[in-house]
Structures are given as structure tokens and as C-alpha cells.
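Please read the structure below before turning to the comments.
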Amino acid sequence: MRLPGDKSISHRALIFGALATGTTRIRGLLEAEDVVNTARAVSALGAAAEKHGDVWEVKGRGPGGLRQPAGPLDFGNSGTGTRLMMGVVAGHPITVEMTGDASLSRRPMRRVLGPLMQMGLQVLEPGKETLPLTLRGCSDLIPIIYPLPVPSAQVKSAVLLAGLHAAGETTVIEHEATRDHTERMLRYFGADVRIVDKDGARYITVKGDAELSGRDIVVPGDPSSAAFLAAAALIVPGSDITIEGVLVNPTRTGLYTTLQEMGGDIAFLNEREEGGEPIADVRVRASELKGVRVPAERAPSMIDEYPVLAAISAFAKGKTQMDGLAELKVKESDRLQATATGLEANGVSVRIDGDSLIVDGKQRMRGGGSVATHLDHRIAMAFLTAGLASDKPIVVDDTSMIATSFPEFQGMMETLGARFEEAPEQ
Ligand code: S3P
């Protein structure tokens, strides 16, 4: 199988392309709703993003060169698009209204607005911390040194993007490594980025008044989408699949480490580098799994993969305990609760204990339950994947959100032998 492009890298390629001088050409861009909304947003800000043949081209406006959009920017379901673009807007003397769907309009924005306001961003609805929001940026941001209070690549990226437009050096300090695509891609575009590891923390510094140049980018396959195929292969007897060209950046591969610890037969083959990111072909064969304890420190490197891990933990022998899941509560839905409720509905014994999720693996799942997806694509895909091996089919209440990240999900699963049916009205 060959998967569509990584969502995190796709957003960044469009955004950095918009800030660069000259044209950026992107191959393998993920054409899912979240990313298409970011493409529309950069176009509305004056950096036209268009597809020509297989390649997306972004006509960059150079740092500080974006212009006032004619109307609100709608980010749909995407926290990444919204929060990264807040960092961009901060550095421009423009006023922008940002909107999103019901899920996005519930998600916390203070974590990004806080540091950006220290740098000079204005929020025109004082005290409001959820979308819709109207932001006014400025061309002389103040550089800051910002220790991340939550392990979030979106917050880190927003501050670094604003830092590109500040007069001086902006530093983000992280105590837990989060995905580092922003740092890698900023360097690739020619920005001055310094990374220093000191006393167990990472200091990431970007120089302001940066000059970025348009580049050619090839987007690797999304490991968070590959996770559903890998999980399916592990739990469906006789499976043996290879997923080609998957991003295997260590800040993203926590799930694969965990599945190997559970006894999963998973191999990274043909490891290589493409556009500054490590990639590999991932071979997965059906395996007998055993329960494990997943340490809290690993959470940032697999934060989007807990719903599917929890789902397939039911097929393992023994208990799987996943620690340090506080951030799961503020994703597209409260994923901690949505995952536990969905598992319970399908006959799995599961418990939430503070920020931990504990699944009692019985090497099978009864299924037959209906899962509330709460506008969350990964809840829908995780439970449909579990349904491939459950005793009875699993019903999810909404599949439309899958198009936000992985529109090819159903088609690819069908190629591998899955069967989907529209459930009768209940
Ligand atoms: C992302 C960061 C993560 C992740 C999201 C994509 C990114 O969010 O859950 O799907 O591209 O920076 P947080 O920064 O909120 O952890």
C-alpha cells in the first residue's frame, strides 16, 4: 500500500511556502479537508496555492508579505491549521477572523494566544479563548523565551512562526520532545534555527526577520494513517502487508515501538531520507499480542494513535495500561472518554484512572456496539478497524469526518479485504 501524505508536514509545506520568497512545489500533499482548508487560508492571504498536474504550487509572498483577507478564514476541523496560522497572522499587520466547525470551536486556543499576545498579537474579543476569534497582528513582534506548559507541537510551531517575524531571537523550551517537523522544515527553507539540549530540556531558537526561499518538497506517507492499516494487519489472522514510504521520524513512531513491545511483527525496511525526513517501508504481519504498559513519556510521539492502540489492545492477552493521556481530552473530541465509551459498547472491559486508560485484553472483541464519534475522524477509523476482527460488526455513527485526514481510508481497507455497509437506521 502507498499512503497519502503526512498531515502535519502538508500543513507546514503550504504555510512555509506562503511565507517564503518565490515558488514552493509540493508533491504528495495530503488532499484531505484539513489541509485543503489551510491551502484556502494561505490563498486568501495572498499566497495562491494551486494544483498543477501532480504538484501543488504556492506563490510565496516573503516573510511579512501576506495581506488582509477579504473574509473570515474557515479552518473546518483542524487544530493544526488554526494554531499554526495564528502564529503567522501574529507577524502581519492584518486583522483576521478565524472560524471552525463545532469540534474546533470547543478546543482551547489560550495555549497559543497566551504566548502570541506576549509577542504583540491582539485578540479583538478580550478574554475569549475559543473560535470564532478575530486577531490583529503587527509587523514588530517582540521576541520571547517561552517554556511550553503543555507538550504541544502546535504551540511550539505557532511561537516559532511568529518568531520569524520578531526583531531578535525567539526561543521555545520543551521538556518533552514533540514532533519536530517545523524545526526541520524551517531549516530546509533557509531559516536560522538553533537547537540546544541542556539539562533534559530542548531549547529551540529562531532568528527573526528571517528570509525563507521557496523549495521543492516531497511529503512522506502519514504514519498516523498507516497506524490503522498496521493495526488491521496485526489483528486479522493471516495478514501480511507492506506500507511504502511512511514517515518514521522518531517523534512520530511511538505506536510502532509499542506494538513491537506487544509482540507485533513489524519491520521498518529500506530506511532512507526524503526532504529532510526519515522514511521507510513498514511491513506488518498478523501477530499474537500481549498487554503492555505504555509510559507517559512516550505520549507525545504517539498522541494521535491512542484510540487505535486502545482498540486493538482488546485483542491482546492481558492488560494494556496507557499513561499520561491528559492531552487526549482536548483533541477533536475528548478522546479518552470517547475511546473508553466505544470500547465498553463493544463488550471490552476498560477503565479510566486519572490520565491513564486501562484495557483488559481478552484476545477478542465482542463488537455489535454503536460508537459515538463526536466529529472525530480517529475515533471513527479506530473502531472501524477493530470491527475487522470483532465477533460482530461494529457500527460508528458518522464517517464523514474521516475525510478531514484520510479520505482514502475506506477504499484502501476494501482493497485489503474489508467490507463496509451502511448500518440500518436505529
Ligand atoms: C500536530 C500536533 C499534535 C497532533 C496533531 C498534529 C501538529 O497536536 O495531535 O494531530 O501537526 O503539530 P498538539 O500540538 O495539540 O499536541
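Close Cβ contacts (under 9 Å, 6 or more residues apart or on different chains) running from residues in segment 379-400 that are under 20 Å from K331 (Cα atoms) to residues that are polar (S, T, N, Q) and assigned to a helix (DSSP H, G or I) comprise I379/T339; A380/S400; M381/S225; A382/T339; F383/T339; L384/Q410; T399/Q410. Within segment 196-205, not a single residue is hydrophobic (A, V, I, L, M, F, W, C) and touching a Gly at 6+ places or on another chain (Cβ under 8 Å).
Among the candidates S139, S78, the residue that is out of contact with any Lys or Arg (no Cβ under 7 Å at 6 or more places or on another chain) and closer than 22 Å to H377 by Cβ is uniquely S78. When segment 125-159 is filtered for residues that are within 26 Å of Y203 (Cβ to Cβ) and among the hydrophobic types (A, V, I, L, M, F, W, C), the ones remaining, listed by number, are C138, L141, I142, I144, I145, L148, V150, A153, V155, A158, V159. The condition (being of a type outside the set (S, T, N, Q) and modelled with pLDDT under 95) is satisfied by just one residue among A167, A162: A167.
Is it true that D360 is more than 18 Å from the chain's Cα centre (by Cα), in the same structural domain as F383 (by TED's automatic domain parsing), surrounded by fewer than 24 Cβ atoms within 10 Å (Cβ to Cβ) and within 16 Å of the ligand (Cβ to nearest atom)? It is false that D360 is more than 18 Å from the chain's Cα centre (by Cα), in the same structural domain as F383 (by TED's automatic domain parsing), surrounded by fewer than 24 Cβ atoms within 10 Å (Cβ to Cβ) and within 16 Å of the ligand (Cβ to nearest atom).
Checking each residue in segment 282-341 for being in contact with a Gly (Cβ under 7 Å, 6 or more places away or on another chain), within 16 Å of the ligand (Cβ to nearest atom) and within 17 Å of D353 (Cβ to Cβ) picks out A296, A299.
Residues of segment 28-52 that are assigned to a helix (DSSP H, G or I) and more than 14 Å from the chain's Cα centre (by Cα): V36, N37, A39, R40, A41, V42, S43, A44. In segment 117-169, of all residues being polar (S, T, N, Q) and assigned to a loop (DSSP other than H, G, I, E, B), the one that is surrounded by the fewest Cβ atoms within 10 Å (Cβ to Cβ) corresponds to S139. For G114, are the conditions met, namely being assigned to a helix (DSSP H, G or I) and at pLDDT 95 or above? Taking the combined requirement at face value, the residue satisfies it.
For residues that are open to solvent by less than 20 Å² (accessible area, probe 1.4 Å) and either part of a strand (DSSP E or B) or charged (D, E, K, R) (or both), tally how many sit in segment 8-27. The number of residues fulfilling the criteria is 3.
The values are calculated or read from the model by the stated rules, or taken from the named source; none is laboratory data. Nothing here was measured: the structure is a model prediction, and the numbers come from that model. No Cβ is skipped: glycine too gets one built from the backbone with ideal geometry, and neighbour counts run over all protein chains shown. Side chains included, ligands, DNA and RNA excluded: accessible areas come from the protein's heavy atoms. Shrake-Rupley method; radii C 1.70, N 1.55, O 1.52, S 1.80 Å.
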